[in-house]
Amino acid sequence: MQPLRDLEIGAVFWAGRDPGETLGELTAIGVRCGQIGIPGDFSLVGAADRWKTALQAEDFPVVTAFCAYNGESYADIPTVRQTVGFIPRDTREEREKRTCAVSDFAREVGIPSIGTHIGFVPEDDTNLDYLAVRGMVRRVCDYAARNKQTFALETGQESADTLLRFFIDVNRENLRINFDPANMVLYGTGDPIDALGTLALHVVSVHCKDADWPPKGIPSALGEEKPLGQGAVGMERFVRKLKSMDFKGPLNIEREVPDPAQRLRDIAMAVKLLEKLR
Ligand code: MG
């Protein structure tokens, strides 16, 4: 693999379709590296060999494998609380196993980090769910460490201060942050650039995503994701802040609209914007 340029243009993409086709679409619009999302229902049997071969053929480094889980829904804030990440009690055991399986997949492909949304971390550090989730994060960190990986928590569902307190309490050397500025806006948790400053020391990877704030007066509502540069994040400010932190990792464009054609068009537009800002 070619070494990556500083702030290389990357994208988040999902396993599930043919690896060569998926990577071909991205390289055609100027994406040179990225992060692979692993859907909960994706079969990992034989997948590492297929992806490793395709990534080598395209000379396309992947910096993170992201776990999503069966049964998650991001419909609105109460649904996220009930379904996402390590918080729902009934699925903890199965999701911990799946995260370890994705860590093994990442090791076989040669991906140096795994990541996930662990869900809303409770603010009260004596809460039983807080303690259970902290235990899970520690065990996943230890598993990932044996695979020589970092484990990255995605930002946004709690404030940067709450996440930092939890992060310090977990107390694992290979724990990191995947910083997504748009999530801070979508969940109304705080100014994304201030949050990036709070978490700067621990950020291993970033998403470049944009969004508008939630509508006022509806506490359950999420904001709306936007094409990069058209939301409230302020991409110029975001990239400037990353440079001031001496962050050199890829700028991973994340676009979550369901229509694949629109998704690709928006990523192509985002590549052009980030090429100007990086
Ligand atoms: Mg994200």
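Coordinate-derived values only; no laboratory data. Being a predicted model, the structure only gives us computed values, none of them experimental. Glycine gets a Cβ as well: all are built from the backbone with ideal geometry, and neighbour counts include every protein chain shown.
Karplus-derived 3J(HN,Hα) values for the stretch 178-184, using 6.51 cos²θ - 1.76 cosθ + 1.60 with θ = phi - 60°, are 9, 8, 10, x, 5, 5, 4 Hz; glycine and proline are entered as x.
For the set K216/K241; K52/K209; K243/K276, the pairs lying more than 20 angstrom apart at their alpha carbons are K216/K241; K52/K209. Among K97, K248, K216, the residue with the largest mean-square fluctuation in a Gaussian network model of the chain, with springs joining Cα atoms closer than 10 Å, is K216.
The mean sequence separation of alpha-carbon pairs under 8 Å and at least six residues apart, normalised by the residue count of the chain, gives a relative contact order of 18 percent. Only helices enter this figure: runs of n ≥ 4 DSSP H residues, each worth -39500 (n - 2.57), summed and divided by the residues of the chain, yield -13500 deg cm²/dmol at 222 nm to the nearest 500. Between amide H atoms placed 1.01 Å from N, distances below 5 Å from A11 occur with C33, G34, Q35, I253, all of them 5 or more places distant or on a separate chain. Using Cβ point charges alone (K and R +1, D and E -1), the dipole size of the chain about the Cα centre works out to roughly 620 debye. The antiparallel fraction among DSSP beta bridges confined to the chain stands at about 10%. Considering only I77, I87, I253, the mean-square fluctuation computed in a Gaussian network model of the chain, springs between alpha carbons under 10 angstrom, is largest for I77. Counting only Cα atoms, the stretch 85-134 measures 38, 20, 13 Å along its principal axes, largest extent leading.
You can think of it this way: the chain between K248 and E123 has 41.8 nm of extra reach, that is 0.36 nm per residue less the Cα-Cα gap. Residues whose amide H lies under 5 Å from that of A211, counting only those 5 or more places away or on a different chain, are K226, G231, A232, V233; hydrogens are built 1.01 Å from N in the peptide plane.
In square nanometres and to one decimal, what's the mean projected area of the convex hull around the Cα atoms of the chain? Mean projected area of the Cα convex hull: 13.3 nm².
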